[in-house]
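First the structure, in the form of structure tokens, and then the observations on it.
The values are calculated or read from the model by the stated rules, or taken from the named source; none is laboratory data. All values reported here derive from a predicted model rather than from experimental measurement. Cβ placement follows ideal geometry from the backbone for every residue including glycine, while neighbour counts extend to all protein chains displayed.
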Amino acid sequence: MAKENLFYHILRLIQESDGIDFFDISKTTPIVVPKDFWNMPYRHWKFTTPEYRSERKV
């Protein structure tokens with residue numbers, strides 16, 4: 001229960017910092033223009049191994 005409360009607290013902080021209504025922790029934060037890399041208060045990166053990416057394509 002503590003982990004869940006912490007997760008939702010952090011999620012709320014992320015949403016408030018960037019005005020994001022829907023945040024998906026399983027995806028990298030999309031950018032519209034390259035300037036977004038520098039202007040966005042929070043960026044989320046999903047790192048995967050090449051093996052995982054090749055398995056997902058099948």
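Answer with yes or no whether TRP45 is modelled with pLDDT of 80 or more and of a type outside the set (Asp, Glu).
no
What pairs can you find where one residue is in the range 26-37 and on the phi < 0 side of the Ramachandran plot and among the polar types (S, T, N, Q), the other is loosely packed, with under 10 Cβ neighbours inside 10 Å and in a loop (DSSP other than H, G, I, E, B), and their Cβ atoms are less than 7 Å apart, with a gap of 6+ or different chains?
Every condition considered, the pairs that remain are THR28/TRP45.
Any chance the range 11-18 includes a residue that's part of a loop (DSSP other than H, G, I, E, B), in contact with a Phe, Trp or Tyr (Cβ under 6 Å, 6 or more places away or on another chain) and at pLDDT 75 or above?
No: the range 11-18 contains no residue that is part of a loop (DSSP other than H, G, I, E, B), in contact with a Phe, Trp or Tyr (Cβ under 6 Å, 6 or more places away or on another chain) and at pLDDT 75 or above.
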